[in-house]
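K.L.:
Following this message is one structure expressed as structure tokens.
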């Protein structure tokens, strides 16, 4: 059994003039240019959408944190100097409830902002804000623990938790300053050196 490959039909010779070749090359270059420009426009649009989404999430977070700050500040100012034991217990339970609410708010916003896909120029601002939320969440957790310790009449533990919460609060403030610096740099297009 002898296998022979079938004969392929001969292709006609294509004759291309110099003018036709230049037109084909010009069309290819134009097509590549259109694709390149279109891709860059798409990337710019995507970047703008990501920055807008990040900005929207940041604004919602800042608004919620402002309301929470107002509630905590109002609670702290409402404490008269001399409370009865029952009033102090109620005051600390309310403080614990605010701290638990704060934990939930900060955990939620940390999750939302961490999920944002931001351009590289905004990555430093995003990371700093996430650190700020983590520090604030830790402070709220410690305040909640202090309230629980107070309720359990473990006053030394409550005092230790409040002291640790102060440290977490200072870390939060430092991270917020870093976030603001990184955000200003991202919005102005500057590179900032690490602190």
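K.L.:
More than 19 Å from the chain's Cα centre (by Cα), modelled with pLDDT under 95, part of a helix (DSSP H, G or I) and farther than 30 Å from residue 45 by Cβ: which single residue out of 144, 79 fits that description?
P.N.:
The match here is 144.
K.L.:
Going by the conditions given, is residue 118 under 30 Å from residue 50 (Cβ atoms), in contact with a helix residue (DSSP H, G or I) (Cβ under 9 Å, 6 or more places away or on another chain), outside any helix (DSSP H, G or I) and touching a residue at least 24 places away in the same chain (Cβ under 8 Å)?
P.N.:
Yes; evaluated as a whole, the condition is true for this residue.
K.L.:
What is the residue count in the range 8-57 for residues that are in a helix (DSSP H, G or I), over 25 Å from the mean Cα position of the chain (by Cα) and either surrounded by fewer than 10 Cβ atoms within 10 Å (Cβ to Cβ) or modelled with pLDDT under 80 (or both)?
P.N.:
Looking only at that region, the number is 2.
K.L.:
Of all residues being surrounded by 11 or more Cβ atoms within 10 Å (Cβ to Cβ), within 27 Å of the chain's Cα centre (by Cα) and more than 27 Å from residue 115 (Cα to Cα) in the range 58-76, which is modelled with the lowest pLDDT? Just the residue, please.
P.N.:
Out of the qualifying residues, it is 72.
K.L.:
Here is a further query. Being surrounded by fewer than 20 Cβ atoms within 10 Å (Cβ to Cβ) and closer than 16 Å to residue 92 by Cβ is true for just one of 159, 170. Which residue is that?
P.N.:
159
K.L.:
Now a separate question. Which of (1) more than 30 Å from residue 169 (Cβ to Cβ); (2) without any contact (Cβ under 8 Å) to a residue 12 or more places away in the chain does residue 50 not meet, given it meets every other one?
P.N.:
Going through (1) more than 30 Å from residue 169 (Cβ to Cβ); (2) without any contact (Cβ under 8 Å) to a residue 12 or more places away in the chain one by one, residue 50 breaks only (2).
K.L.:
Does residue 98 count as surrounded by 12 or more Cβ atoms within 10 Å (Cβ to Cβ), touching a residue at least 60 places away in the same chain (Cβ under 8 Å) and touching a helix residue (DSSP H, G or I) at 6+ places or on another chain (Cβ under 9 Å)?
P.N.:
For residue 98, the condition - surrounded by 12 or more Cβ atoms within 10 Å (Cβ to Cβ), touching a residue at least 60 places away in the same chain (Cβ under 8 Å) and touching a helix residue (DSSP H, G or I) at 6+ places or on another chain (Cβ under 9 Å) - is not met.
The values are calculated or read from the model by the stated rules, or taken from the named source; none is laboratory data. No experiment lies behind these values; they were computed from the predicted model shown. Backbone-built Cβ (ideal geometry, glycine too); neighbour counts: all protein chains shown.
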